[in-house]
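First up is the structure itself, then whatever we jot down about it.
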Amino acid sequence: MAKTESPGERPRSRLHRPAELDLSDFFQAEDSGQTIVKNDDLEAIVPNNEKHHLIEKDRYWVNKPYAFVVVYKSQKDQEYRYYLIEPYLTPEEKQLVGFLKDKIRLTLDFTEIRARASQRERTIRLREKAFELLQNYNLITDKTFDDDTESNPAAKAVNRLIDKIYEVTNAEKPGDAEEFAGEGTVSLTRRQAQKVIYYIIRDFIRYDRIDGIMSDNKVEDISIDGWNSSAFVVHTEYGQMITNVTFGQEDLDEFVTAIAQKAEKGISKRQPNVDATLQDGSRALLMLGEEVTDKGSNFTIRQFNKIPFTPVDLISWSTFSLNQMVYLWLAVENGKSAMVAGGTASGKTTTLNAMSLFIPATNKIVSIEDTREIQIPQSNWVPLVTRQSFGEDTSNNIGEYDLLRDSLRMRPNYVIFGEVRGEEARSLFQNLNTGHTTYATFHAKNSEQVRVRLTTDPINVDETSFGGLDLIINQQEVSISGHSERRAKSIVELREYDAHSEKFDIEEPFVWNQAIDEFEGTLPTEHGDTVSPLIDEIRHENGWSKAELNTEINRRRVVLSYLIANDMTEYMQVAATLQGYMYSKENVLSSIADDTLVSETDRFREMKNISFDVDPSEEEKVPRPPIPTESKAMANEILDDHADLYMNISATAGSYDSAVSELEGAVDQPIQQSEEMAKAKNDADDTEETEYGYRQSEEDESTEQGEEDEPAEQGTDAEADDK
């Protein structure tokens, strides 16, 4: 990407803006003031010779009020471009930031900060130190945040700092031609002081010049290929784009080294490549120098989603159809093992996270990963992560094979394996054949490639071991209308092993037709047609008739359709509804009939078997796809067609409290209460509470008083009873 204009060239306002964009509203700060970064900063960053052919497609904040993103489409070459806009720094302001950073390195007492301090703690301490330095050098005063009229104060501030340095060192001061312009007061304006603090915190604590991109939840991957090149991003809506963020040789070497240190990893010429997990959970592959690449240092960072996507999101993206999700729901809930196969960036882990919401929370779950990517709401879950040795001796490494072996001693009902790569695959298939439901991801193009890769060097799993695997879900990243999309190309059921052909018989209940971008395959009808062997197996295991199987399928269709029709896309809403249905389907269907499911799901926050540690502010940042109009129309049609499955439950089902009580370990209560029980409850409500939490009526008090007046008689009765 071309460089910005020289400092002497004034940026021209020639950038395209959509007619509906209100700049004053976009740059309105939360305190009703103006944001630190402004539209002038955008004009200053984009080169003048490129402005006339850039058409703005999107604009949004990633760190308000300091950073926003603009996506342009070039009319010249028809490519999308990603611009990260931060407060523009003049050369004098850049030198001031550099000077303060050097002073902080020399004067900050790191012993004041605890070793495991959070990012917030470190940020607060760094901000305090920066303000202290600004005050010590008279760069800010009591009027700094009230007076915003001073001209070019940064140049004057730098001059004052230089004077102080030469006073201390007694060195000869350069001539006037080498000084910055500006005399008199050295106070910074409010905006300039905020810019200085922002860049100090950004560079010290956060992710330097890619910090804004790291804050963009719409970005999946960030990479740079070598020295003196631009960063690239993989965007959820616009695919791969080049950015305006660049690194020189020295800058990139320092950045790669700093990122490795923050991840508590060492990187050097002796060990030039490092696979690291960053503090926010993102996964980084770092390479230093020219030891393993001709283009110099490089990095690739895969963003970590703190809040996963849900089955509703996968339906909205058309990665899966609603019928496919109902099929997977039945399979997972009934303990059928599956492997999600596909290429890089095909959405395997996203699908694995979404499928985990179908696991009933009464089961014990163990997950095994080399980098934490699995996030599930069930409380009885043990997440295990591999660990490298602290020294050169690799014998202390704790790998996936070791963790898998240990996990079997935990008696898990479900094992979720992040990614199968090597020798752990043999133990994984032994685990499958000993009755443990297992889910994993695997790099392979299709189900046949899964078999070939697993049964040949270096993995060498015995083909007869495949009998424990029920499903292979094949996903792929495809291009549709110029956009990168994910599709479940097929769902494959593994049946009996054919010794003559040395292959497994397979069934494909669902296949994606690329020509029309639709999924072919249906679930059983009320007459039992088109039943897949796996679904028929589930029917027999549960003792369902064909009609009962059809009812179970359609009820799950109703639940997912209600979520889609009512825009219930938040993680907590979807997870609570799915888990609630598996505990008490009558109560969930009753809430659907009464149209109260949105409010009822809030009660699941207090369940003990499910943990919903979801920050609402973080949920708002998740780039969930909008539900297509045709999906809503289909969902409403399903709700109308199967109204008899939930409307007749409304009059008989109890409140959602029964499901909550069950999850909290309380004794199951019948949905309907007898008149005597109801009367007893009403009588109890009229009593007063004692110190032990019981309630006592006035009649009970008088009876108790009478008993106290006749202790001897009471004792005689007791003695008679004993005899």
Inset, instruction - Provide the FRET efficiency to the nearest 0.05 for the residue 23-residue 641 pair, computing r from the beta carbons and using R0 = 41 Å. - result: 0.25
Inset, instruction - Please arrange 61, 512, 381 by counting, for each residue, the other beta carbons lying within 10 Å of its beta carbon, fewest first. - result: 61, 381, 512
Inset, instruction - Report the full-extension gain for the segment residue 448 to residue 90: residue separation times 0.36 nm, less the Cα-Cα distance, to one decimal in nm. - result: 123.0 nm
Inset, instruction - For a quick protection proxy, order the peptides 363-376, 496-509, 309-322 by their average other-Cβ count within 10 Å, most packed first. - result: 309-322, 363-376, 496-509
Legend entry - Environment charge at residue 403 (Cβ cut-off 10 Å; Lys +1, Arg +1, Asp -1, Glu -1): -4
Inset, instruction - Would you work out the charge dipole size for segment 285-366 about its Cα centre, treating the Cβ of every Lys and Arg as +1 and the Cβ of every Asp and Glu as -1, and quote it to the nearest 20 debye? - result: 280 debye
Legend entry - Viscosity 1.002 mPa s, 20 °C: Kirkwood-radius Stokes-Einstein D of segment 358-438 over Cα pairs, µm²/s: 162 µm²/s
Legend entry - Shape category assigned to segment 303-425 from the gyration tensor of Cα positions, a/c cut at 1.5: prolate
Legend entry - Inter-probe distance in nm under a simple model that places probes 7 Å from Cα toward Cβ, at residue 75 and residue 547: 6.7 nm
Inset, instruction - Using +1 at the Cβ of each Lys and Arg and -1 at the Cβ of each Asp and Glu in segment 311-606, identify which of 592, 331, 558 lies farthest towards the dipole's positive end. - result: 592
Inset, instruction - Return a whole-number percent for the relative contact order of segment 492-553, with Cα pairs under 8 Å and 6 or more residues apart as the contact set. - result: 22 percent
Inset, instruction - Add +1 for every Lys or Arg and -1 for every Asp or Glu among the other residues with Cβ under 12 Å from the Cβ of residue 497, and state the total. - result: -3
Legend entry - Assigned charges on the beta-carbon of Lys, Arg, Asp, Glu; segment 505-609 dipole about Cα centre (debye): 500 debye
Legend entry - Exposure proxy order (Cβ contacts within 10 Å, fewest to most) of 385, 588: 385, 588
Inset, instruction - Would you mind checking which residues have amide H under 5 Å from residue 475's amide H? H placed 1.01 Å from N; only 5 or more apart, or other chain. - result: 341, 342, 489
Inset, instruction - Compute the signed sum of charges (Lys and Arg +1, Asp and Glu -1) over the other residues within less than 9 Å, Cβ to Cβ, of residue 475. - result: +3
Inset, instruction - Provide 88, 562 in ascending order of the number of other Cβ atoms located within 10 Å of each residue's Cβ, fewest first. - result: 88, 562
Legend entry - residue 619-residue 500 FRET efficiency (beta carbon distance; Förster radius 56 Å; 0.05 resolution): 0.55
Inset, instruction - Only Cα pairs under 8 Å and at least 6 apart count here; give the relative contact order of segment 311-606 as a rounded whole percent. - result: 19 percent
Legend entry - Diffusion constant of segment 306-357 at 25 °C, which comes from Stokes-Einstein with the Kirkwood Cα-pair radius and 0.890 mPa s, µm²/s: 214 µm²/s
Legend entry - Assigned charges on the beta-carbon of Lys, Arg, Asp, Glu; segment 311-606 dipole about Cα centre (debye): 400 debye
Legend entry - Label point distance in nm, residue 40-residue 405, each placed 7 Å from Cα along Cα→Cβ: 6.6 nm
Inset, instruction - Please list, in chain and number order, the residues 5+ apart from residue 57 or on another chain whose amide H is under 5 Å from its amide H, with Hs placed from the backbone. - result: 71, 72, 73
Inset, instruction - Provide the FRET efficiency to the nearest 0.05 for the residue 16-residue 246 pair, computing r from the beta carbons and using R0 = 30 Å. - result: 0.80
Inset, instruction - Averaging sequence separations of C-alpha pairs under 8 Å and six or more residues apart, then dividing by the length of segment 253-394, give the relative contact order as a whole percent. - result: 16 percent
Inset, instruction - Among the listed pairs 218/265; 51/269; 103/306; 265/348; 445/608, give every one whose C-alpha distance is greater than 32 Å. - result: 51/269; 103/306; 445/608
Legend entry - Isotropic mean projected area of the C-alpha convex hull, segment 311-606 (nm²): 17.8 nm²
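Any read-out appearing in this document is the output of simple, stated calculations on the displayed coordinates, not a laboratory observation. Since this is a predicted model, take the numbers as computed values, not measurements. All Cβ positions, even for glycine, are placed from backbone atoms using ideal geometry, and neighbour counts span all protein chains on display.
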